[in-house]
Structure formats: structure tokens, C-alpha cells
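Asker: Got a structure here, written out as C-alpha cells. Questions coming.
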Amino acid sequence: MIKKVCIIGLGYVGLPLACLAARKGYEVTGLEINTKNVEQLKAGTCHIKDEFLQTEVRELQGILQVTADPATALPSADIIIICVPTPVNHKFLPDLEYVRSAGKSVAQHLRAGQIIVLESTVNPGTTEETLQPILEQSSLQAGKDFHLVHCPERIDPGNKKWNLSNIPRVLGSLTTEGAAAAKQFYASIVNADILILNGLKEAEATKIMENSFRDVNIAFMNEMAKSFDKAGIDVTEVIRGASTKPFAFLPHYPGCGVGGHCIPVDPYYLIEGAKKFHFEHKFLELARKINESMPEYTVSLLAEELNKIGKSVKGSQIGLYGVAYKKDVDDTRESPSLEIMRLLREKGATLFIYDPHAKHKNNVADFEEFLKHSDYLLIATNHAEFTGLELEKLKENDIKIIIDGRNCLDKEKIQQLGIVYKGIGR
Ligand SMILES: NC(=O)c1ccc[n+]([C@@H]2O[C@H](COP(=O)([O-])OP(=O)(O)OC[C@H]3O[C@@H](n4cnc5c(N)ncnc54)[C@H](O)[C@@H]3O)[C@@H](O)[C@H]2O)c1
């Protein structure tokens, strides 16, 4: 009978899970190494700028326990869920150091009967080949003395329709007993199907395949956008047309780049992992290459439009709207905006940066000042604030060119205002 839950890593994945389990009546302790975040959470404030999470943390103050001390969090837990980062290093190689260090903490306090779940996205084989040996340093045996499970997290921060509570889960385990125990726990907190797959590797591969699917499809659309741009075809109209087919077409959209902690990272786990079996993931490598080319492509669109009016990026007052990697979130990890920023600075632009959700990146006081200083705009994130803007305001502020890196604005209306508009393939 599961009563006590320990979540390791209280970030975008672990914190909502900890709150949900606490809401469902479990005694939840979050174990987090970032002591600043621990103090904030204890005080009922949340380090992630998400309205729902901020309310949850405030309302659950004193109910959801938070600590940086493994000895407080781990020994009494019935189920321990690891939600630590799995990034790539500067050579795009998987960095499993966080998984290893979380595993070592668990191993030091492991006791018989506990269920250990890895939720972090990992390459097929990681749970058994990397985590299991670390846990077994405790002298307890996985599958016999404790359960070992992988249940990849599939949340999509900012998505209003699909959230932790209603997204179906898949899981794999070393043993059928472990799978059943984990399924029982997840079924008690989420209101969605929970599918048990044949093994740990299948569960690990499911998550990586889902995100690679998205990366490949976005890359395909980026290629279409670049091609159609040369042919004078508006790719957004083509996608609109193709989307009317009720089967065999799933719309994906081109843009100035792919960011976040998942889609630009996870394919590299598979690319690297498959090398062990002498398999080359040509498709995934190409998709990564195309998507990584998009910030540069977007900057080149701006340079071209500036050249047409006898200007250059150098010395131009350029406003970069959006640093977060996607709409209405504060997460700037792997954001294409960071590369766009670097490229524009390298080319000598005078850059004004504004993001209402990631304010720590701003170099202007507010949106008004941002528009006032900018002559040309590059939109890297389609935050609702910007897409809901009265476009006349752009004209009032004498904006001359808009590069719409998210194809989120009304092209005709902007052109009617006498502003040059260029989207991605549009
Ligand atoms: N962010 C997403 O949208 C998302 C969605 C699905 C899956 N994932 C996957 O979930 C995992 C976590 O991602 P995230 O976005 O929540 O990362 P995050 O960086 O927001 O949070 C991870 C937290 O773990 C903490 N941490 C690291 N090592 C620790 C340790 N040894 N002990 C205790 N705490 C530790 C970090 O301080 C951090 O607060 C990754 O594998 C990611 O790929 C992320």
C-alpha cells in the first residue's frame, strides 16, 4: 500500500507531479538539490512562472514537504520517482550525470519493498544499464528486493488541453509485479489510460520516438518552408489545405527553431545510443541539422529585407520579441531565440530584447520601451500578448520590417499598414 511518495527533482516535471500526488492525498516529499528553490517552495512561492503551479504551491504550503536532505526524504518513501534533467553536453552527447547522482542518493537509503521509478527521458537501456547497477550498490537486488520502473513524463508545459492529469501514460518494468504496483499508483493520480509495455527499453524508446517524430516532422515543414519561399508559395496556406485531409496528414509548423529541454535534445540520445549497435540514424541527424539551421535562416531573412532598403543588420535597432522557447512559458532552455540573439549581436545589431514571461532576459523596462527603441522586429516566440496586439501600435511606433519567426501575425494587415512582413515560408 503506497502512502509516502518522494519526488526527486522539483522542476517542470517533478513539481507538478509532487503537487498532484499531494492533492490526491499522498504524503509527498520533494527532494531538490537547488537549495534556493527549496527555500522558496517551503515559503509557498514557486520558482517556475506558471499561474497554476504558483497557486498549487501556495495552497499546498506545509502539506507538500520539500527538502534538500536525502536522509529526510528517501528512507520512508514507498515510491521514489526520479525527475532530474537529462541534457546533452556541448558535443550533443547525452549527459546522464543527474540520473547517476540521483541514483546514488537513492542507493544510500534504499530499503526492500520500495518502488523506484525513473521519469526522466533517457535512451533505451539506461534504466537497466546505468541506474540499476548504481541502485544495486545498496546490495539490494532490482526486481527481487525493490521494483524498478520507467514511466516517461509526457507533459507539454503551457498546453491548456493536455496536462499531467489527462495525458495517458506508458510504463515498463523489470517485473510484472513492479509494473502492476506502479500502474496502481499512477492510476490513483491521473485520469487517463496507463499502458504497461513489455519492458523498460520499450517504455524508454516510446518517449524518445515521440519526440523524434515531432523533430522530424518540424524539420520536414522547415524544409518545405525554405523551398516554397523560393517558389513564392505561402507554406501556411499549403498546410491549411493539407490539413483538410481527414487521414494521413498531421499538421506540423515551420518556425525560427526548435527549443526546450525535450525535442532538440532527445533525438541525440537515440542517435548516440544506436551507435553502440553500429546503427546510424540518418533521418534524425538530418532533422536536427535542418532544425538547428533555422535561427540562422531567420536572421538571413531579416538581413535580406534590410538590404532591400539599403540597410544592414550592423548598426540597426532591432527588437527581438520572445526568449522562451515556446508560447506563454518562461522556459528558455535550448531556445532558438538565444542563437538568434548571438547571431544578431555578432553581426553588430543594436539589440532590444523583450519577453513578458522570461523577464530576466529583457534589456528594456517594458513592452512600450521595446517598441519605441526598435525599428525592425524579429518575433521568436508567439506569446499571446503579442498575437493579441493591436497591429496599429506597430505603425505608431514606426516599425518598418517584421520577421515573423512563428508565422503568428496577420500578414495582410501588416502589409496594409505599410510595414514589410516576412514569415518562415510565408
Ligand atoms: N520540461 C518538459 O517539458 C519535459 C516534458 C517531459 C519530459 N521531460 C523530461 O523530464 C526530465 C526533467 O525535466 P525538467 O524539465 O523537469 O528539468 P528541470 O531542470 O526543470 O528540473 C529538474 C530538477 O532536478 C533537480 N535535480 C537535479 N539533480 C538532482 C538530484 N540529484 N537530487 C535532487 N534534485 C536534483 C534540479 O535542481 C532541477 O530543479 C528530463 O529528463 C526531461 O527530458 C521534460
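No lab work stands behind these numbers, since they all come straight from the coordinates. Everything quoted here is computed from the prediction, not taken from an experiment. Positions of Cβ are generated from backbone atoms using ideal geometry, with glycine treated the same way; all protein chains shown enter the neighbour counts.
Asker: Give me the pairs: first residue in the range 18-34 and more than 17 Å from residue 119 (Cα to Cα), second residue among the charged types (D, E, K, R) and surrounded by fewer than 24 Cβ atoms within 10 Å (Cβ to Cβ), beta-carbon distance under 8 Å, and six or more apart or on different chains, which are they?
Answerer: 23/56; 26/3; 26/4; 27/3; 27/4
Asker: Could you go through the range 135-152 and let me know if any residue there is in a loop (DSSP other than H, G, I, E, B), in contact with a strand residue (DSSP E or B) (Cβ under 6 Å, 6 or more places away or on another chain), more than 17 Å from residue 83 (Cα to Cα) and away from the ligand (no atom under 16 Å from the Cβ).
Answerer: Within the range 135-152 (the criterion being in a loop (DSSP other than H, G, I, E, B), in contact with a strand residue (DSSP E or B) (Cβ under 6 Å, 6 or more places away or on another chain), more than 17 Å from residue 83 (Cα to Cα) and away from the ligand (no atom under 16 Å from the Cβ)), the answer is yes, since at least one residue qualifies.
Asker: Looking only at the range 125-134, how many residues end up being outside any loop (DSSP other than H, G, I, E, B) and in contact with a helix residue (DSSP H, G or I) (Cβ under 7 Å, 6 or more places away or on another chain)?
Answerer: Number of matching residues: 6.
Asker: I need the full set of residues from the range 191-250 which are hydrophobic (A, V, I, L, M, F, W, C) and within 20 Å of residue 261 (Cβ to Cβ), in order please.
Answerer: Correct list: 203, 205, 208, 209, 213, 216, 218, 219.
Asker: List the helices (runs of 4 or more DSSP H) that sit entirely inside the range 216-294 and contain at least 2 residues that are away from the ligand (no atom under 16 Å from the Cβ) and surrounded by 12 or more Cβ atoms within 10 Å (Cβ to Cβ).
Answerer: 235-242, 282-292
Asker: Also, I was wondering about something else. Any idea which residue in the range 141-185 is surrounded by the most Cβ atoms within 10 Å (Cβ to Cβ), counting only those that are under 25 Å from the mean Cα position of the chain (by Cα) and β-branched (Val, Ile, Thr)?
Answerer: 149
Asker: Pick from 57, 84, 117, 66: which is touching a Phe, Trp or Tyr at 6+ places or on another chain (Cβ under 9 Å) and more than 9 Å from the ligand (Cβ to nearest atom)?
Answerer: Selected residue: 117, the only one of 57, 84, 117, 66 that is touching a Phe, Trp or Tyr at 6+ places or on another chain (Cβ under 9 Å) and more than 9 Å from the ligand (Cβ to nearest atom).
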